[in-house]
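Engineer: Input: one structure, supplied below.
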Amino acid sequence: MAETKLANMIVPSVFMAYTAQRTTELTAFIQSGIMQDLSTVLATLLQGGTTVNMPYFNDLTGEDEVLDDRYNLSVNNVTTGQDVAVRLIRGKVFGASDLSADISGADPMRHIADRFAAYWSRRIQAIALAVVKGAMATTASGASMAGNTLDISALSGAAAYFDGESFIDATHRLGDHADGLRGVAVHSDTLAAMKKADLIEYIKPSDGEDEVPTYQGKRVVVDDAMPKLSGGIYHSYVFGPGALGFAQADPEVPVETGREPLQGGGMEYIVQRRQYLVHPRGVKWAPGGGVPAKATPSNTELGTATNWARIYDAKDIRIVRFIHKLAA
């Protein structure tokens, strides 16, 4: 009887659909509403090239006019702009030898297949944090994100610490748009400080999801990839719904399995390739020469401030960067 191999177990289209769905279910930024899945909207744009141009209408501006039958009203036009997102194409290979299964009595390849969705959810969040780090730090002339940043880290004593009042100050960098902020991403050290100050509440979502922490009515996402700098300086990000746009699409060959009978006494492996857009709405990808170094950007390049430029009005960008220290 023929032995069942990995290639017999995995149907590429089914496996890809399952991992894509589970990835979005597991990614905290998507579940919190910070990252809006625009895959169906952007599907037609993910054709060729390394960037996606997304035109938009600017808001209506100008004073209203006093009606008078001796004068005509002026006709005003609406202006447009163009946001630019960058395409991200990533891949990962995991494998195991036949001997590892024989000796352990377990099935490492089945475990690998089962855990790929969780792996990609973590990588998407790492991409998102790199994107936000770069976009929020841009100082491009006339297009910086300084208006969306509150930095109290250089103040003296307790004035440099994260607390309820300083957090409110941070959210009000958006002025009358502050009430639109619904989530906050923090380092686990910052979450610990919030808990010690008894500032965290927990809610049980109606969909049966585990209880989630909230702070001043905002859902808390915790990730130790959040910036933690020397001198005890931390970055926290406050987000509005859909602050980040997200899309995924299948690359040419999304899933492959393979076998090397002579390597290590026999080895199987599974390859998965993913294609994404993760984009801060209103801050365009605008790198100079030499970027990206490879076909599409790395997380390091995404996290580099000089590769981004603000195009929306600062208040219309639903992200605030809060730079602070923590009480000892």
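Engineer: Please give the peptides 73-86, 173-186 ranked by average Cβ packing (other Cβ atoms within 10 Å per residue), highest first, as a rough proxy for protection. Don't jump to the answer; show the numbers that get you there.
Structural biologist: Values: 73-86: 12.3, 173-186: 18.9.
Those peptides, ordered most packed to least, come out 173-186, 73-86.
Engineer: If Lys and Arg each add +1 and Asp and Glu each add -1, what is the summed charge of the other residues whose beta carbon sits under 13 Å from the beta carbon of S74? Intermediate results must be reported in sequence, preceding the final value.
Structural biologist: On the way: positive: none; negative: E63, D64, E65, D68.
Neighbour charge sum, excluding S74 itself: -4.
Engineer: Further question on the same structure: Between (1) 1.06; (2) 1.01; (3) 0.97, which matches Rg/Rh (Cα atoms, Kirkwood Rh) calculated for the structure shown?
Structural biologist: Given (1) 1.06; (2) 1.01; (3) 0.97, the structure-derived one carries the label (1).
Engineer: Now for a separate question. What share of the DSSP beta bridges in region 165-264 is antiparallel, in percent to the nearest 5? Present the calculation step by step, with values, prior to reporting the outcome.
Structural biologist: Details: 10 of 14 bridges.
If I count the DSSP bridges inside region 165-264, around 70 percent turn out antiparallel.
Engineer: A further question follows. If the reach is capped at under 16 angstrom between alpha carbons, list the lysines near K315, excluding any in the same chain fewer than eight residues apart.
Structural biologist: K284
Engineer: Here's another thing I want to ask about it. Where does the charge balance sit around P292 when Lys and Arg score +1, Asp and Glu -1, over other residues with C-beta under 14 Å from its C-beta?
Structural biologist: Details: positive: R87, R90, K294; negative: E301.
Neighbour charge sum, excluding P292 itself: +2.
Engineer: Could you calculate the contour length gain from K294 to E65, that is, 0.36 nm times the residue separation minus the distance between their Cα atoms, to one decimal place in nm? Don't skip to the answer; put the middle values down first.
Structural biologist: On the way: separation 229, 0.36 × 229 = 82.44 nm, distance 5.37 nm.
The K294-E65 span can extend by a further 77.1 nm.
Each reported figure results from applying straightforward, stated rules to the coordinates on display, with no laboratory input. Since we're looking at a predicted model, the values are computed, not measured. With ideal geometry, Cβ positions are generated from the backbone for all residues, glycine too; neighbour counts draw on all protein chains shown.
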